[in-house]
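The values are calculated or read from the model by the stated rules, or taken from the named source; none is laboratory data. As the structure is a computational prediction, the values presented were derived from the model and not from experiment. Here the Cβ positions follow ideal geometry from the backbone for every residue, glycine too, while neighbour counts run over all protein chains shown.
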Number of protein chains: 2
Amino acid sequence: MPQTDIDWTTAEKDLAQAAFKKAYHREVAALVDDVKTKVEAISGLDELWQLHDYLSARRHDIDGKYDYRDSMFLFAFSQLIKEGWLSLEELDGLHPNKQKKVAALARM
Amino acid sequence: MPQTDIDWTTAEKDLAQAAFKKAYHREVAALVDDVKTKVEAISGLDELWQLHDYLSARRHDIDGKYDYRDSMFLFAFSQLIKEGWLSLEELDGLHPNKQKKVAALARM
């Protein structure tokens, strides 16, 4: 039976994927709302290019953050928890060692 | 007195700058409206990144198009006329040779 943060059971993988999707949908929904609010206030080109810069940064960030490789799960989760898109409780079901590691990384 | 499309009188330069600004403000206003309409329909990340791609393309286009160097005026005007941001009549006051050249370039 896997005890470490390297080995993942099928159940853990399913839980991890589900938690990832949850965080992803929350972050995307918040971003879409945010963009809609920002766009309302735009009247000129400088503000439009500010929105463009903002989208470039968010796209880069989101593309990099949702890394579905098993080896990256713990780092990805700790970041999502730091940013408020996921709670530690939503990882209940992972091996306690993994949960502890995520919690420690999220405090860094 | 300048007769060619290379020499520009002060009056011609003023008229060109004013025409440029007019086209610029029209295009920017239309773009801002366009983005506001597009954003209303966005519900997910794919659509948001489509908007980002669209803004990247428009930014590149607009940054290149409004070239305020005298030597580029005629080319820039012909493009703005092609795209509907300026009318040939709004260049009344330029030397007829210049107007003819812009008209010919706009038909290309």
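With the requirement that a residue be at the interface with chain B (Cβ under 10 Å from one of its Cβ atoms) and either hydrophobic (A, V, I, L, M, F, W, C) or over 13 Å from residue B:49 (Cβ atoms) (or both), what does region A:55-65 give you? Listed by number, the residues that qualify are A:55, A:62. When B:59, B:69 are checked against the criterion of being of a type outside the set (S, T, N, Q) and surrounded by 13 or more Cβ atoms within 10 Å (Cβ to Cβ), B:59 stands alone in meeting it.
Inclusion of residue B:70 among residues that are within 14 Å of chain A (Cβ to nearest Cβ) and modelled with pLDDT under 95 is not warranted. When we screen B:16, B:76, B:29, B:11 for residues that are small (Gly, Ala, Ser) and within 14 Å of chain A (Cβ to nearest Cβ), the only hit is B:29. Checked across region B:16-30, the condition of being at pLDDT 90 or above, buried (at least 18 other Cβ atoms within 10 Å of the Cβ) and over 27 Å from residue A:52 (Cβ atoms) holds for at least one residue.
Please enumerate the residues belonging to region A:65-108 that are out of contact with any helix residue (DSSP H, G or I) (no Cβ under 8 Å at 6 or more places or on another chain), part of a helix (DSSP H, G or I) and under 15 Å from residue A:27 (Cα atoms). Selection gives nothing. Scanning region B:89-108 for residues that are closer than 13 Å to residue B:19 by Cα and loosely packed, with under 14 Cβ neighbours inside 10 Å yields B:89, B:92.
Of all residues in region B:31-49, those being of a type outside the set (Val, Ile, Thr) and either loosely packed, with under 13 Cβ neighbours inside 10 Å or not in a helix (DSSP H, G or I) (or both) number 7. With respect to the conditions (1) of a type in the set (S, T, N, Q); (2) away from chain B (no Cβ under 14 Å); (3) within 23 Å of residue B:49 (Cβ to Cβ), residue A:37 lacks only one, and its number is (2).
Here residue B:3 fulfils each of the conditions (1) surrounded by 12 or more Cβ atoms within 10 Å (Cβ to Cβ); (2) modelled with pLDDT under 90 apart from (1). Of all residues in region A:81-108, those being under 30 Å from residue B:42 (Cβ atoms) and in contact (Cβ under 8 Å) with a residue 60 or more places away in the chain number 3.
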